[in-house]
Amino acid sequence: MPITGKAKLAGVFGWPVGHSLSPRLHGFWLERYGIDGVYVPLAVEPSNFETALRALPKLGFLGANVTVPHKEAALAVCDEVDILAERIGAVNTVFVTPEGRLQGSNTDAFGFLENLNQEAPAWRADGGPAVVIGAGGAARAVIVALADAGVPEVRLANRTFERAETLARDLGGPITVIPWPERTESLGGTNLLVNTTTQGMSGTPSLDLSLEALPGDALVTDIIYTPLKTKLLEEAQTRGNPTVDGLGMLLHQARPGFARWFGHEPEVDTELRSFVLSGLTG
Ligand code: ATR
């Protein structure tokens with residue numbers, strides 16, 4: 001819909017940002033709810049990021065999302081950050097307060113959990129241990145989400161053992177660090193497996209993990225969404241395990257920002273999914 005001079009402004013910082021699906025996602029919601037607002041890509045290189053972020057209040061923006069490689073820098077630049085962003089060590093959503101202060105938040109843990117709640121309502125956080133593969137930035141959000149949801153034990157396996165140990169020490173809580181060669185056995189008795197590594201993304205080899213010890217009813221999810229069905233999810237489906245793809249995490253993490261900037265609680269449904277997906281393919 002056409003915007004007016006009073007349009008509400010938000011956007012997404014990234015470098016590069018051309019691949020980001022967020023403008024398409026927020027644009028769909030703005031159109032659906034008939035809101036006088038815009039959500040724009042903000043291609044800002046790292047050396048300009050602090051200046052650009054601090055300019056948001058001066059430009060009248062209500063806030064912005066922050067994606068690779070700025071999430072950690074945003075944590076340092078914001079005037080205040082909430083506890084979740086502090087624990088995860090990254091900010092992905094910034095709100096400009098009426099006083100012009102930058103409030104940093106992280107909605108990735110929320111997005112991860114809401115995706116599971118919507119796509120796999122039968123999965124119960126307290127139903128058994130979870131295995132998380134990978135110890136990068138995405139793993140931090142996933143582990144915080146799982147621990148807060150009440151998962152009794154998170155078994156964390158990462159190719160670089162020390163990185164997993166550091167993450168476990170930083171986050172605290174019910175994390176058991178699993179040596180990489182023992183990742184297959186660690187699947188025994190669990191009810192959730194999450195891949196947070198880049199392995200399986202288009203153009204990379206698939207995750208090197210045998211599912212033989214995984215219980216038949218355990219949920220398998222990947223945070224990768226290009227491709228939507230990774231080899232890991234395909235293999236899990238073949239052996240009968242329920243699966244959830246990674247696109248929903250992206251869609252759900254966007255909800256809190258949209259709601260506060262544009263004043264409407266947005267919905268994630270199949271129409272939105274298809275629209276955002278068509279942005280991936282064409
Ligand atoms: P992000 O912050 O987006 O999660 P990242 O910090 O680059 O991304 O983390 C990528 C994850 O993929 C890490 O857990 C990485 O393992 P290392 O800590 O050992 O680097 C994992 N990863 C990347 N390539 C891998 C491979 N070939 N085999 C197994 N894990 C791999």
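The values are calculated or read from the model by the stated rules, or taken from the named source; none is laboratory data. Quantities reported herein were computed from a predicted structural model and do not represent experimental measurements. Note: ideal-geometry Cβ built from the backbone for every residue, glycine included; neighbour counts use all protein chains shown.
Looking at 128, 111, just one residue is within 15 Å of the ligand (Cβ to nearest atom), closer than 30 Å to residue 214 by Cβ and of a type outside the set (Ser, Thr, Tyr), and that residue is 111. Put simply, of 191, 195 the only residue that is near the ligand (Cβ under 10 Å from one of its atoms), in contact (Cβ under 8 Å) with a residue 12 or more places away in the chain and within 21 Å of residue 148 (Cα to Cα) is 195.
If you go through the range 31-68 and keep only what is part of a loop (DSSP other than H, G, I, E, B) and over 15 Å from residue 78 (Cβ atoms), you end up with 33, 34, 35, 36, 44, 45, 60, 67, 68. When restricted to residues that are surrounded by fewer than 24 Cβ atoms within 10 Å (Cβ to Cβ) and either part of a helix (DSSP H, G or I) or away from the ligand (no atom under 15 Å from the Cβ) (or both), the range 131-143 contains 3.
Being more than 19 Å from residue 278 (Cα to Cα), modelled with pLDDT of 95 or more and not in a loop (DSSP other than H, G, I, E, B) is the requirement here; does residue 28 meet it? In short, no.
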